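Below: one structure, written as C-alpha cells.
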Amino acid sequence: MLRALSPLDWARYGAASIAYARPVLVNGQRAVAIHAADGTQIGAAPTLALATAAILQHGLGPALVH
C-alpha cells in the first residue's frame, strides 16, 4: 500500500520530516542506513544510536525499520 503512494501523498503524510533507519551490511560490517521516507538513502552510520542522533540533528523524526 505505501509503495503506491504518489510524491504528493507522501508530502501529505509528512515525508519531508521523517527518516528511517535500517540495519545493513557494508563490506561485511554491520551498519545502519538512513533513508528519507520515500526510500532515498540519505546517509549511514555505524550504530543505531548514531543514526538516530543524525536524524534528530537534521530536524527529522526517526523511525526504525527492521
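Where a number appears in this text, it was derived from the coordinates with a stated rule and is not lab data. This one's a predicted model, so the numbers in the text were calculated from it and none came from an experiment.
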Evaluated at q = 0.15, 0.19, 0.24, 0.27 Å⁻¹: base-10 log I(q)/I(0), Debye formula over Cα of the chain: -0.46, -0.69, -0.97, -1.13
Gain in length, S6 to A49, computed as 0.36 nm per residue apart minus the alpha-carbon separation, to one decimal in nm? 12.4 nm
Helix-only [θ]222 nm of the chain, DSSP H runs n ≥ 4, -39500 (n - 2.57) each, per residue, nearest 500: -6500 deg cm²/dmol
